[in-house]
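Scroll down for the structure; my scribbles are underneath it.
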Amino acid sequence: MTQSKSVNADNTVNDKSNPQGPDLNTLVRLAGMIQTRLPSNGGDPEASYVARLLSKGADSVLKKVGEEATEVVMAAKDLSHGGDSQALINEMADLWFHCLIALAHYDLTPQQVFAELERRVGMSGLEEKALRKVRDREQNGD
């Protein structure tokens with residue numbers, strides 16, 4: 001059996017099993033674009049929404065993530081009652097986009113999130129939660 005995924009030199013995923021559409025590379029490319037909008041990289045708040053949001057600081061970025069998360073919940077509830085599935089897709093895209101902005105603000109990358117998700121693959125959610133509690137206790141000296 002041949003492997004359907006490989007990692008490119010720029011750490012993007014080459015998923016040969018999905019040649020048709022967007023994949024993790026889309027998130028990585030978008031995160032790269034967001035990096036260019038950081039104030040430290042010369043992002044111009046007059047020319048870019050992302051640069052403007054980042055220039056306002058953490059509270060503004062996090063507020064926007066919260067707003068988008070709420071909109072995802074509302075769209076999902078609407079979908080449960082016969083609403084449009086595209087509305088949920090659109091709101092989820094907005095949330096992911098703003099999460100990428102938050103990651104960039106804190107000098108983090110999607111690859112770090114992918115690594116954490118990969119670590120959790122095959123692990124029971126209950127097991128992962130219990131391990132997190134143990135780690136938290138150890139860090140707090142309990």
To the nearest Å², the heavy-atom accessible area per residue of segment 22-142 with 1.4 Å probe amounts to 67 Å²
May I ask you to give the percent of accessible area on the chain that is carbon plus sulfur, with a probe radius of 1.4 Å? 55 percent
Given [x] 1.33; [y] 1.05; [z] 1.26 as possible values of Cα Rg over 2.2 N^0.38 Å, the one from the coordinates is [z]
Just grab the label-to-label distance for Ser124 and Arg137, each label 7 Å out from Cα along the Cβ direction, in nm (one decimal). 1.7 nm
Determine the distance separating the Cα centre of segment 93-113 from the Cα centre of segment 120-142; give it in Å without decimals. 23 Å
Of the DSSP H helices in the chain, those whose Cα atoms cover at least 20 Å axially and whose Kyte score averages -0.5 or more: 58-80, 85-105
Binned at 5 Å from 0, what are the whole-percent values of the Cα-Cα distance distribution for segment 55-133, short to long? 3, 14, 15, 15, 18, 21, 11, 3
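The values are calculated or read from the model by the stated rules, or taken from the named source; none is laboratory data. This one's a predicted model, so the numbers in the text were calculated from it and none came from an experiment. Don't worry about glycine lacking a Cβ; one is built from the backbone with ideal geometry, like all the others, and counts go over all protein chains shown. Heavy atoms of the whole protein, side chains included, go into the accessibility calculation; ligands, DNA and RNA do not. Shrake-Rupley method; radii C 1.70, N 1.55, O 1.52, S 1.80 Å.
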